[in-house]
């Protein structure tokens with residue numbers, strides 16, 4: 001696989017991850033009950049968490065999508081590292097709440113971002 005094909009694959013994978021993260025945060029802000037286990041109550045803490053997550057995820061997703069769309073490689077690796085570390089934080093939160101699907105998904109999303117940053121740093 002040549003470098004352009006690899007970069008295209010990385011761009012598509014990271015755009016998908018950014019969309020998943022950004023859209024899920026908007027959905028979480030609109031419907032915070034989705035973050036609460038069955039029978040749990042929605043309270044100000046739940047809403048605070050949902051909006052705090054969105055305040056980080058939406059801008060990060062937008063910046064990442066813009067960098068991928070314009071093909072700017074120079075600033076891409078650092079933002080991928082930040083996005084990957086944010087996903088690791090989300091995985092830790094998910095694990096702490098025993099939300100294993102969230103934790104596992106976030107580990108996978110982090111892997112896409114961090115492995116992509118590693119590849120780009122080697123180019």
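For the reader, a short list of remarks on this structure follows.
- Any hit, region 40-50, residues being outside any helix (DSSP H, G or I), modelled with pLDDT under 85 and under 18 Å from residue 98 (Cβ atoms): yes
- Top-ranked residue of region 85-95 - restricted to ones that are modelled with pLDDT of 90 or more and surrounded by fewer than 18 Cβ atoms within 10 Å (Cβ to Cβ), ranked as farthest from residue 64 (Cα to Cα): 95
- For residue 20, the stated conditions hold: it is over 19 Å from residue 118 (Cα atoms) and assigned to a helix (DSSP H, G or I).
- Beta carbons closer than 6 Å, at least 6 apart along the sequence or on distinct chains, never pair a first residue in region 42-57 that is in contact (Cβ under 8 Å) with a residue 40 or more places away in the chain with a second that is surrounded by 16 or more Cβ atoms within 10 Å (Cβ to Cβ) and assigned to a helix (DSSP H, G or I).
- Number of the condition not met by residue 20 [criteria: (1) in contact with a helix residue (DSSP H, G or I) (Cβ under 6 Å, 6 or more places away or on another chain); (2) closer than 23 Å to residue 104 by Cα; (3) surrounded by 15 or more Cβ atoms within 10 Å (Cβ to Cβ); (4) at pLDDT 90 or above]: (1)
- Against the numbered list (1) over 23 Å from residue 8 (Cα atoms); (2) in contact (Cβ under 8 Å) with a residue 60 or more places away in the chain, residue 80 comes up short only at (1).
The values are calculated or read from the model by the stated rules, or taken from the named source; none is laboratory data. Fair warning: this is a prediction, and the values are worked out from it, not measured in the lab. As a convention, Cβ positions derive from the backbone with ideal geometry for all residues, glycine included, and neighbour counts pool all protein chains shown.
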